[in-house]
1. With the checklist (1) open to solvent by 90 Å² or more (accessible area, probe 1.4 Å); (2) modelled with pLDDT of 90 or more in hand, flag the one item Ser236 doesn't pass.
2. Open to solvent by 20 Å² or more (accessible area, probe 1.4 Å) and in contact (Cβ under 8 Å) with a residue 24 or more places away in the chain: is that true of Asn227 in this structure?
3. Does Asp194 satisfy the criteria of being of a type in the set (Asp, Glu) and either buried (at least 24 other Cβ atoms within 10 Å of the Cβ) or within 21 Å of Cys255 (Cα to Cα) (or both)?
4. For Ala427, indicate whether it is buried (at least 20 other Cβ atoms within 10 Å of the Cβ), within 31 Å of the chain's Cα centre (by Cα) and modelled with pLDDT of 85 or more.
5. Out of all the residues in segment 249-273, which are assigned to a loop (DSSP other than H, G, I, E, B) and at pLDDT 90 or above?
6. Considering Leu534, Leu504, Leu487, which residue is in contact with a helix residue (DSSP H, G or I) (Cβ under 8 Å, 6 or more places away or on another chain) and either modelled with pLDDT under 75 or closer than 24 Å to Arg408 by Cβ (or both)?
7. Among the residues of segment 158-169, write down those that are buried (at least 21 other Cβ atoms within 10 Å of the Cβ) and either at pLDDT below 90 or over 14 Å from Val287 (Cα atoms) (or both).
8. Only one of (1) over 24 Å from the mean Cα position of the chain (by Cα); (2) assigned to a helix (DSSP H, G or I); (3) touching a residue at least 24 places away in the same chain (Cβ under 8 Å) fails for Asn214. Which number is that?
Amino acid sequence: MIPIKRELSPPARVPCSNKTSLDNNRSIVGHYRHLIIALTTMYCMTSLRQAVGFSPMRQVFARRMIQSVASQASNSAAREGRLQVATDPSVEKNDFDEFVEKQADVSSRLGSNISSSSTMIDRSEFVKHQAQTFDELSSTFAQQESISKELIPVYDTLANRIIDNLLGERRAAFEDESNEEEKDCRMEPFRILDVACGTGALWPFLMRQADQRNMTLHIQGVDLSSNMVDYGKQHSLLLFNNEFNDSRHEIQTDCTDVMDYHAPTQKEAVDGDDSATIEKALLYDAVICNACWANFYSPQDVLQHITNNLLVSHMSSKGNAFGQLFITHPLGAGAVQDLHDADPITVPHTLPLQWDHSDLIGLPVETKEFVQEVDVASFESETASAPFYFTNLKRVRHSLLPEVWRFRGPVAHGYGRGGKKLGFPTANLVASEFFQTALNDLETGVYVGWAFVEEAGDVVHKAVVNVGYSPTFEGKENPEKMIEAHLMPNILDDFYGKTMRLELLAYLRPEQKFASFPDLIAQINADATDAKWLLESHPILSKAHQDNFFVVHDWSSDLQDEDEDKVRSSYDRFDMSEYLQL
């Protein structure tokens with residue numbers, strides 16, 4: 001975690017810059033407004049210098065606001081030939097760097113042999129070092145009671161965005177929008193995992209926003225510092241004994257690293273068999289990484305673990321439900337850069353300045369929202385833009401493949417099950433004939449892509465594709481790995497022996513054995529719906545049918561004396577990142 005997360009009480013108030021345009025009259029206030037701003041800035045600096053108990057979080061926020069005030073005053077004064085504001089560079093260093101130097105000193109003392117890059121040491125050593133560092137620094141976070149007044153609107157905005165997104169996703173999962181359904185939507189608890197929760201700075205803000213919407217929160221906090229967890233438990237008791245004493249919310253905390261954390265499970269009865277039970281993971285509607293993303297040993301590994309193992313992604317009678325990952329920081333990416341520059345041992349990374357498709361290749365998430373600035377209230381109820389970091393990554397069923405796979409070959413006869421038994425005719429490419437090497441490297445599962453049958457018109461079809469052995473047909477599984485492509489819209493004519501071109505772009509789910517054929521048919525329908533939606537809505541994949549790969553030329557000129565089917569068969573693979581740039 002980035003060690004600036006504790007709810008802290010405010011010392012002397014630090015005003016934000018005043019962005020309101022004053023009247024251009026000749027009043028005394030109007031004439032001397034630059035002088036007023038300059039004196040206010042100097043007063044803030046003096047207060048900042050004298051504030052012995054200043055929290056590091058407030059120091060960063062105040063420093064950035066002071067810079068904004070001073071910049072506006074000096075720039076405006078320069079344009080109008082008025083007062084110039086002189087700033088003392090030593091003030092800025094002393095205010096913010098005092099805590100960073102303390103942190104770096106503790107970090108250096110506890111791990112003198114640790115490199116400044118987390119990739120140079122073992123993860124377990126890094127986690128142990130972080131835990132020891134924040135155990136020793138924990139009293140600094142817990143020494144005061146509430147977040148400074150300047151940061152309250154920032155945390156309100158942060159919590160409001162999270163709760164709004166949670167409620168919006170839950171509503172979307174309910175097909176019936178009657179009053180009763182709306183009540184059920186809100187009252188069923190929202191499960192939240194707060195990663196590197198520290199002492200629980202976000203909890204009261206989340207619960208207040210939830211109370212305004214009549215929502216129930218079950219919050220699970222995890223932190224690798226045992227002292228932080230202990231302070232967090234004390235904080236939750238204070239919350240429930242005071243402001244939320246009649247609350248339906250719940251807060252639990254565990255001391256563990258997020259990479260070692262797995263969602264709890266509960267036993268559920270199997271449909272149609274009351275005596276049988278299965279273990280079901282209690283996944284999360286939201287995972288929040290607030291002020292900690294740059295402190296992970298490997299943010300990419302954390303992202304993969306969260307999206308694959310912790311976020312909700314399931315079908316229900318009410319519709320689809322998908323979890324969301326919130327990567328946030330109340331002070332913005334610039335503050336994290338400052339922390340990283342000052343102490344790269346404790347903060348080995350910085351925050352991404354963009355989230356695009358190439359950043360999420362191979363992960364079942366997509367960017368829903370990305371914000372780096374927020375308007376907050378200043379003194380005299382004015383507003384000013386403040387640094388802010390808010391990324392919302394939504395769990396989806398698909399993940400872009402790390403590599404694009406292309407196949408071209410004659411459609412082989414399968415086992416007559418896709419169309420006759422299930423109602424989903426498929427065009428099959430068999431491993432043993434031409435694609436053995438390729439299919440050895442391609443995992444079994446359900447994929448999404450585009451397909452084109454050369455002798456069946458000029459339409460490029462959407463395709464949902466199973467790669468594997470069809471395990472639901474017990475005793476009659478495919479004897480070898482096979483590509484089974486269901487084309488949309490259906491090609492009703494017999495296309496066996498014709499040449500198909502197939503491009504696989506995204507992954508939906510693993511191949512699995514279903515308890516019954518109706519269950520299998522229901523899942524195929526869901527897969528087909530998801531594939532169709534993805535290929536119509538994705539900004540890049542929706543245009544992939546225009547790929548030159550689907551442009552036909554006269555392949556008969558290539559045959560010569562070789563076997564026709566062999567000449568017609570080929571496969572290729574290349575990086576998805578290259579494909580996205582085309």
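The values are calculated or read from the model by the stated rules, or taken from the named source; none is laboratory data. Since we're looking at a predicted model, the values are computed, not measured. Don't worry about glycine lacking a Cβ; one is built from the backbone with ideal geometry, like all the others, and counts go over all protein chains shown. Heads up: the accessible areas ignore ligands, DNA and RNA and are worked out on the full protein's heavy atoms, side chains in. Shrake-Rupley method; radii C 1.70, N 1.55, O 1.52, S 1.80 Å.
1. Checking Ser236 against (1) open to solvent by 90 Å² or more (accessible area, probe 1.4 Å); (2) modelled with pLDDT of 90 or more, the one that fails is (1).
2. Yes, satisfied.
3. On the way: of a type in the set (Asp, Glu): yes; either buried (at least 24 other Cβ atoms within 10 Å of the Cβ) or within 21 Å of Cys255 (Cα to Cα) (or both): yes.
Criteria met by Asp194.
4. On the way: buried (at least 20 other Cβ atoms within 10 Å of the Cβ): yes; within 31 Å of the chain's Cα centre (by Cα): no; modelled with pLDDT of 85 or more: yes.
It is false that Ala427 is buried (at least 20 other Cβ atoms within 10 Å of the Cβ), within 31 Å of the chain's Cα centre (by Cα) and modelled with pLDDT of 85 or more.
5. Filtering segment 249-273 for residues assigned to a loop (DSSP other than H, G, I, E, B) gives 249, 256-257, 261-264, 271-272.
Once the filter is applied, which keeps residues that are assigned to a loop (DSSP other than H, G, I, E, B) and at pLDDT 90 or above, segment 249-273 yields His249, Thr256, Asp257, Tyr261, His262, Ala263, Pro264.
6. Working: Leu504 fails: in contact with a helix residue (DSSP H, G or I) (Cβ under 8 Å, 6 or more places away or on another chain); Leu487 fails: in contact with a helix residue (DSSP H, G or I) (Cβ under 8 Å, 6 or more places away or on another chain).
Step by step, each of Leu534, Leu504, Leu487 is checked, and only Leu534 is in contact with a helix residue (DSSP H, G or I) (Cβ under 8 Å, 6 or more places away or on another chain) and either modelled with pLDDT under 75 or closer than 24 Å to Arg408 by Cβ (or both).
7. Glu169
8. Just one mismatch for Asn214, condition (2).
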